[in-house]
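Below you'll find the structure, written out as structure tokens, and then a few comments.
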């Protein structure tokens, strides 16, 4: 089991009172599995994803990624752990605006040593059909191209788990299908995918779908 | 891909931010280098000015020395001619007077009739102007227990064929005495004091200043009283003839011939004053020359002092201005660099979030911002050094201008600028870089 989330709780303390983003959430994703979590905005999807990715410390519960608890590590060790094991895809792409496609894809190489980083980047770019855009910066790309660039970046380090937060939220139908197809492909190649989305089409691509409402998982 | 490539790409992307940071560092470095170079130029210029002034003074003194030497010779010559033209003094003595006695002992033992003076005065002799008959003897003044030269003189005898002139030497009135320096100082005599000489009372009429010769141990009294005191009534030991004039080269011989014709049985010798006058002329010329030279040296020294003071004041003023202005500029630039770095961090929040998410450690995030600051510092140091050095050279006004560059170029200053400017820039950017490294990626990603 690559990703094992047990009894996660997370509460935000805001000026308007406490917000229980997660309440006793448990979830596991095996290798080769595409797990989708569906739910409306503000139900705790992103919180779940950030906790699973080692970016947000939960108030309670345990996170195991490939059998290791990332929160038992120091912040810098945890960063290294993320670089080695987890890939991220976000709705807003979060590409570095002044780097071209190749350099954006190569960005994770700054965090971990990859002897074949350059070849791997070009291979991914070609895989996502971006060869002719390799020297373009994000401002010169369409939204679909930006998301494919973000996908290529997430896959550079050959992560075991891919965490995707609303990756189709800013894409049209065709591009959304294309991105979901790539995620399924990653899972079929042996990786684990955790997708949080409110896009109902995720059901068509994911092997397992769980709903989340008010911070709690409910059967789909 | 590495952090430095990221830094360079970001610089290329945000050129204005980079340019403003670069400008700040360049201004800070330029103000420091410019002020330092200008002060160095001031010091060199001061040395040059003082060196030039010293050379001018030395040259002027050398010229003055030459001028004074020349003028001294001319003055001495002129004085010699003048004294020659003024006349000289003679002493008319009995023919049998041994001159050794006069020169060795300063006394005259032989006498001649006192009426010789009147005979000479009534003659038509033209080469003699003033006549002073006298008796003299080395004498032990027992009341004072002191050996003196006693001189009796009647003052000047007017020449019958001449208009009455102002006498060169006054008569000593009967009952009075003029005393030389050694006599009145040794015996603490005062003017108008009564003294006794051989039982006779005299009143001190005049106290002579020091002459440095026999006059210092001489006492002058009236001729008749001296003749009486010495037992030489109607006799004199000699006649002083003063301001004698003669147009011929061998003037003493000519006068001697004139005197012999009137006073047979006498001899005429030249007395000391002409030689003394020439020596005095030489001394006067030398003194004048030395005074002139001293004035020139004093003026030169004053000019050097004035230049030194002025240049020192100018340098001090510039140092004071630089001591205040340069730190202010550097501090202002550092604050501005820090502000620009903070703005840069704020602009790149999303970028920092994703870089943290994909695994960059906090030290790498700091390196991204501090690396940019160091690059800005390095390039700003070179640009600022060039600008500051150029300003210092231009404002320093060293001549010739083409050599000023090499004379003012200080490798140490360049090294200091290249080392310190990146450090300054990094220190100014430190807090923003730390803030960036501490950004919580979860907060950033959730906010987006």
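The values are calculated or read from the model by the stated rules, or taken from the named source; none is laboratory data. On a predicted model such as this, the values are computed, not experimentally measured, just so you know. In this analysis, Cβ positions are derived from the backbone assuming ideal geometry, glycine residues included, and neighbour counts consider all displayed protein chains.
Suppose we keep only residues that are at pLDDT below 90 and in contact with a strand residue (DSSP E or B) (Cβ under 9 Å, 6 or more places away or on another chain) within segment A:22-44. Which one would you say is surrounded by the most Cβ atoms within 10 Å (Cβ to Cβ)? Walk me through it before giving the result.
Taking segment A:22-44 and keeping what is at pLDDT below 90, we get A:39-44.
With in contact with a strand residue (DSSP E or B) (Cβ under 9 Å, 6 or more places away or on another chain) added as a condition, the list becomes A:39-40, A:42-44.
Values: A:39: 21, A:40: 11, A:42: 12, A:43: 21, A:44: 26.
Applying the filter and picking the extreme gives A:44.
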Filtering helices (runs of 4 or more DSSP H) wholly in segment B:391-448 for at least 2 residues that are touching a helix residue (DSSP H, G or I) at 6+ places or on another chain (Cβ under 7 Å) and more than 14 Å from chain A (Cβ to nearest Cβ) gives B:401-408, B:411-437
Can you find a residue that is closer than 29 Å to residue B:2 by Cβ, touching a residue at least 24 places away in the same chain (Cβ under 8 Å) and under 58 Å from the mean Cα position of the chain (by Cα) anywhere in segment B:427-445?
yes
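Identify, please: which residue in segment A:102-116 is at the interface with another protein chain (Cβ under 7 Å from one of its Cβ atoms) and in a helix (DSSP H, G or I) and is, among those, surrounded by the most Cβ atoms within 10 Å (Cβ to Cβ)? Outline the logic, then answer.
So the first thing to find is which residues in segment A:102-116 are at the interface with another protein chain (Cβ under 7 Å from one of its Cβ atoms), and the list is A:103, A:106-112.
Within this subset, residues satisfying the condition of being in a helix (DSSP H, G or I) are A:103, A:106-110.
On the way: A:103: 21, A:106: 24, A:107: 22, A:108: 28, A:109: 24, A:110: 23.
The selected residue is A:108.
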Taking residue B:412 as the residue in question, decide whether it is touching a strand residue (DSSP E or B) at 6+ places or on another chain (Cβ under 9 Å) and free of Cβ contacts under 8 Å to residues at least 40 places away in the same chain.
no
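Residue-wise test of (1) in contact with a helix residue (DSSP H, G or I) (Cβ under 8 Å, 6 or more places away or on another chain); (2) away from chain A (no Cβ under 14 Å); (3) in a helix (DSSP H, G or I); (4) surrounded by 14 or more Cβ atoms within 10 Å (Cβ to Cβ).
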| residue | (1), (2), (3), (4) |
| --- | --- |
| B:328 | no, yes, yes, no |
| B:334 | yes, yes, yes, yes |
| B:350 | yes, no, yes, yes |
| B:374 | yes, yes, yes, yes |
Any chance segment B:292-299 includes a residue that's within 19 Å of residue B:91 (Cα to Cα) and at pLDDT 75 or above?
no
Taking the residues in segment B:1-13 that are facing another protein chain (nearest Cβ under 10 Å) and crowded, with 19+ Cβ neighbours inside 10 Å as candidates, determine which candidate is nearest to the chain's Cα centre (by Cα).
B:11
Working only within segment B:352-366, note down all residues that are more than 7 Å from chain A (Cβ to nearest Cβ) and surrounded by fewer than 18 Cβ atoms within 10 Å (Cβ to Cβ).
B:363
Considering A:49, A:55, which residue is within 11 Å of another protein chain (Cβ to nearest Cβ) and out of contact with any strand residue (DSSP E or B) (no Cβ under 7 Å at 6 or more places or on another chain)?
A:55
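Yes/no matrix, rows are residues, columns are (1) out of contact with any helix residue (DSSP H, G or I) (no Cβ under 8 Å at 6 or more places or on another chain); (2) modelled with pLDDT under 90; (3) not in a loop (DSSP other than H, G, I, E, B):
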| site | (1), (2), (3) |
| --- | --- |
| B:166 | yes, yes, no |
| B:169 | yes, yes, no |
| B:178 | yes, no, yes |
| B:191 | yes, no, no |
| B:216 | no, no, yes |
| B:227 | yes, no, yes |
Anything in segment A:64-77 that is more than 24 Å from residue A:182 (Cα to Cα) and either surrounded by fewer than 21 Cβ atoms within 10 Å (Cβ to Cβ) or within 7 Å of chain B (Cβ to nearest Cβ) (or both)? List them, or say none.
A:64, A:67, A:68, A:69, A:71, A:72, A:73, A:74, A:75, A:76, A:77
Mind checking which residues of segment A:92-101 are within 20 Å of the chain's Cα centre (by Cα) and crowded, with 19+ Cβ neighbours inside 10 Å?
A:93, A:94, A:95, A:96, A:101
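Each row is one residue, and each column tells you yes or no for (1) over 17 Å from residue A:194 (Cα atoms); (2) within 11 Å of chain B (Cβ to nearest Cβ); (3) touching a residue at least 40 places away in the same chain (Cβ under 8 Å); (4) not in a loop (DSSP other than H, G, I, E, B).
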site: A:136; (1), (2), (3), (4): yes, no, no, no
site: A:154; (1), (2), (3), (4): no, yes, yes, yes
site: A:158; (1), (2), (3), (4): no, no, no, no
site: A:164; (1), (2), (3), (4): no, no, yes, yes
